[in-house]
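Worksheet: one structure, shown below.
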Amino acid sequence: MMTNDGACGQRQRLLVVANRLPVSAKKTGENWSLKMSPGGLVSGLLGVTAQLDTKWVGWPGVDVNNEVEKAALSKSLAEVKCIPVFLDEVFDQYYNGYCNGILWPILHHMELPQEDPHDTNKTFQTQYDAYKKANRMFLDVIVENYEEGDIVWCHDYHLMFLPKYLKEYNNNIKVGWFLHSPFPSSEVYKTLPSRSELLRSILRADLLGFHTYDFAGHFKSTCTRILGVEATHEGVVDQGRVTRVAVFPIGIDPDRFIRTCKLPEATQQINELKERFAGKKVILGVDRLDPIKGIPKKYLAFEKFLEENPNWRHKVVLVQIAVPTRNDVPEYRKLKDQVHGLVGRINGRFGSVSSLPIHHLDCSVDFSYLCALYAIADVMLVTSLRDGMNLVSFEFVACQEAKKGVLVLSESAGAAQSLGAGALLVNPWNVTEVSSAIKEALIMPAEEREKRYRVNFQYVYIHSAKKWGDDFMSVLDDTMAESEMQLRKIPHELPQQDMIQRYSQSNNRLIILGFNGTLTAPMSSQTKEMDLKLNSELKGTLRALCNDPKTTVVVLSRSGRDILDKNFGKYNMWLAAENGRFLKRSTGEWVTNMPQNMNLDWVNGAKMLNSGEHKQETCYNTYVEDQSLMHQLMLFEETILLKSMPLVRLRGQ
Ligand SMILES: O=P(O)(O)OC[C@H]1O[C@H](O[C@H]2O[C@H](CO)[C@@H](O)[C@H](O)[C@H]2O)[C@H](O)[C@@H](O)[C@@H]1O
Ligand SMILES: O=c1ccn([C@@H]2O[C@H](COP(=O)(O)OP(=O)(O)O)[C@@H](O)[C@H]2O)c(=O)[nH]1
């Protein structure tokens, strides 16, 4: 459930921060006019924010150069609860350059475009610097508007530095971050020059959200491979700090579409469209003209369908709304030419004076007309090569109450994981498969269409944008509550003098050490588990501790037996492999610990001993950023531990 109340019974304030504001500004005469911004992020978020006292922070979609104009626009935007970030001269290199020229292709599993070393304005480095600068400009605006207790929800790949900047400004701010695009496998992500810094920055958020389990999984394994940190079912653990990672598939506001289809304006448009396409089946495509949307492949598949099914020529029409987008990025301009070439060829081959197979529109359409198009379409064709979610497919389903048309959906869109049961899923790279799916959709019996529609409609209705926002906020709340409890558990900073004194006075000490990240030599992103090595600088200290008759040393690691044998075989200590599943004295034989003895709750108990009221106890535990031995040890005096591991029960004297 979404949190409604702030500290004093007021509504909880939420700052939604995204590159784009939900409205884009345009100067008409003396005044600014505001129009809804394009893209699924805006549509999704509009369905979310009603319950909280929400303000948006973002770029207003226009370059404003003088201060008077900026003030006037800020005033108009304030009326719709929007706060502009004027990005001025940084915008081009930040948005066209780094965000959409570099991050966007990488996140969608595409290759990095070639860097032109002669154009010093457009090197990766200059674009990256602009990106960071833009993120700082977002921070500045947030700081001006932040009130204690506000939640800051950052959106998308444009703002990967913001969690870090926000936490540096005030570590107590609740920060969520959601990625609307896919997250690629580490093999692709690692080609990004600034890969580690970006990951570390978003990991400063309290909660990270992704559309699908695949994307969240890719993200976590990328963190493990590139940063050498641990991934758990909860999230990513770095130096004892957990960043929660969770899956929140976005949705739409279905009622808005259902309502609009029934309004007189849309009803009239529906009737006109039906008349216009009488006697023909309508296939609909609605995409920003973006390389990830697979529009050329869609046209090739449609061409093949017409080639192989002459009886369908003149009985079917493909209406494609190709919303202009990111026109200043070279890849997008090339795409426009390519698509126009294909439309010309296919219409030339299969058209007649009275009928054209493809109606390609280089423009956006107004909301009512969009709903009318969704409502009259027999088939919706989505062929994204990769897509974070693809809300267009949800919107189509919401408008199909009367028609019960078929959704042909790319298996590479996040939506396939939500609407797969009712859609015909296709591999968008396989033109033959898409062409067959077009045919299957066109001839599908009414009964089956109805069945598929019902399954999808139920999903779209239940998994709304509002639910998405509620779920995110609720997990963020839980995460904050948990981390407050955790904070109470986090040991005080190691009182070093005290510890050294007690250490020297004690006669029976138990030291439990981790291996990976505690005793290992510095690792690169390429280091494999098998190659983990004991840091040679620690060997002397470790040997001295192991040889001290008053001290028992245990290495407790998630690593396997062979790795621990290889690294610690020659030390006089205890080894616990695979988190305690296997145990041995380093000189003895491995024994298998019984699963019922593998309860590691004692680890938290040990940490608790060092906090608050138990401070006088004799346990010290600390996590600090450097990898030295003393900084990560857990030191106990005259304490019996490893209670849950009877095989290594060590008794004090
Ligand atoms: O702001 P633009 O550069 O004009 O681009 C529009 C939006 O495109 C991307 O949308 C994504 O978000 C949708 C909702 O989660 C999702 O369904 C879709 O698959 C994504 O492509 C981009 O991520 C947004 O930031 C842009 O605003
Ligand atoms: O002329 C149009 C066509 C589409 N859309 C909207 O653009 C969004 C596209 O979102 P999607 O998630 O499918 O992809 P994105 O463009 O965000 O990558 C949908 O909400 C559409 O309703 C729009 O505002 N005007």
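None of the figures in this text is laboratory data; all of them are computed from the coordinates on show. These figures come from a predicted structure and were not determined experimentally. Because the Cβ atoms are built from the backbone with ideal geometry, glycine has one as well, and the counts that use them run over all protein chains shown.
Once you order the gyration tensor axes a ≥ b ≥ c over the Cα atoms, which shape class does segment 120-203 get: rounded for a/c under 1.5, otherwise prolate or oblate by comparing a/b with b/c?
Working: a/c = 2.43, a/b = 1.51, b/c = 1.61.
Because a/c hits 1.5 or more and a/b fails to exceed b/c, segment 120-203 counts as oblate.
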Subject >> Listed peptides 259-268, 527-536, 434-443, 399-408 by packing density, highest first (mean Cβ within 10 Å) >> reply: 399-408, 434-443, 259-268, 527-536
**OP:** Might you report the magnitude of the Cβ-based charge dipole of the chain about its Cα centre, with Lys and Arg at +1 and Asp and Glu at -1, to the nearest 20 debye?
**Re:** 1300 debye
Original post:
Lys262: which aspartates and glutamates have alpha carbons under 14 Å from its alpha carbon, excluding same-chain residues fewer than 8 sequence positions away?
Top reply: Glu401
Subject >> Selection from Leu289, Phe124, Leu419, by position along the positive dipole direction of the chain (Cβ) >> reply: Leu419
Original post:
How about segment 519-590: which chymotrypsin sites (Phe, Trp or Tyr not before Pro) there are in a DSSP loop, with at most 12 other Cβ atoms within 10 Å of their Cβ?
Top reply: none
Original post:
Given Lys190/Lys451; Lys539/Lys584; Lys528/Lys550, which pairs have Cα atoms separated by over 32 Å?
Top reply: Lys190/Lys451; Lys528/Lys550
**OP:** Pull up the cross-link candidates among the lysines for Lys167, meaning alpha carbon to alpha carbon under 18 Å and not fewer than 8 places away within one chain.
**Re:** Lys132, Lys133
**OP:** Rounding to the nearest 20 debye, state how big the charge dipole of segment 25-172 is about its Cα centre with +1 on each Lys and Arg Cβ and -1 on each Asp and Glu Cβ.
**Re:** 320 debye
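How high is the relative contact order of the chain, in percent, with contacts defined as C-alpha pairs under 8 Å that are six or more residues apart?
The value is 11 percent.
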Original post:
Lys533: which aspartates and glutamates have alpha carbons under 16 Å from its alpha carbon, excluding same-chain residues fewer than 8 sequence positions away?
Top reply: Asp562, Asp565
**OP:** State whether segment 246-303 is rounded, prolate or oblate according to the following rule on the C-alpha gyration tensor (a ≥ b ≥ c being the square roots of its eigenvalues): a/c under 1.5 gives rounded; otherwise a/b larger than b/c gives prolate, and the remaining case gives oblate.
**Re:** oblate
Subject >> Net dipole in debye of segment 293-390 [+1 Lys, Arg Cβ; -1 Asp, Glu Cβ; about Cα centre; nearest 20] >> reply: 240 debye
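Over 23 Å between C-alpha atoms is what I'm after, so list which of Lys298/Lys439; Lys27/Lys164; Lys293/Lys467; Lys293/Lys466; Lys26/Lys55 land there. Walk me through the numbers on the way to the answer.
Details: Lys298/Lys439 14 Å; Lys27/Lys164 35 Å; Lys293/Lys467 26 Å; Lys293/Lys466 26 Å; Lys26/Lys55 20 Å.
From the list (Lys298/Lys439; Lys27/Lys164; Lys293/Lys467; Lys293/Lys466; Lys26/Lys55), the Cα-Cα distance tops 23 Å for Lys27/Lys164; Lys293/Lys467; Lys293/Lys466.
Within the set Lys334/Lys404; Lys35/Lys274; Lys174/Lys334, which residue pairs have Cα atoms separated by over 32 Å? Walk me through the intermediate numbers first.
Details: Lys334/Lys404 36 Å; Lys35/Lys274 28 Å; Lys174/Lys334 42 Å.
Check vs 32 Å cut-off fails for Lys334/Lys404; Lys174/Lys334.
For the chain, just say rounded, prolate or oblate: build the C-alpha gyration tensor, square-root its eigenvalues into a ≥ b ≥ c, call rounded for a/c under 1.5, and beyond that prolate if a/b exceeds b/c, oblate if not. List each step's numbers first, then the result.
Working: a/c = 2.32, a/b = 1.91, b/c = 1.21.
Prolate, because a/c is 1.5 or more and a/b exceeds b/c.
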Subject >> Structure-based [θ]222 nm, the chain - -39500 (n - 2.57) summed over DSSP H runs of at least 4, per residue, nearest 500 >> reply: -12000 deg cm²/dmol
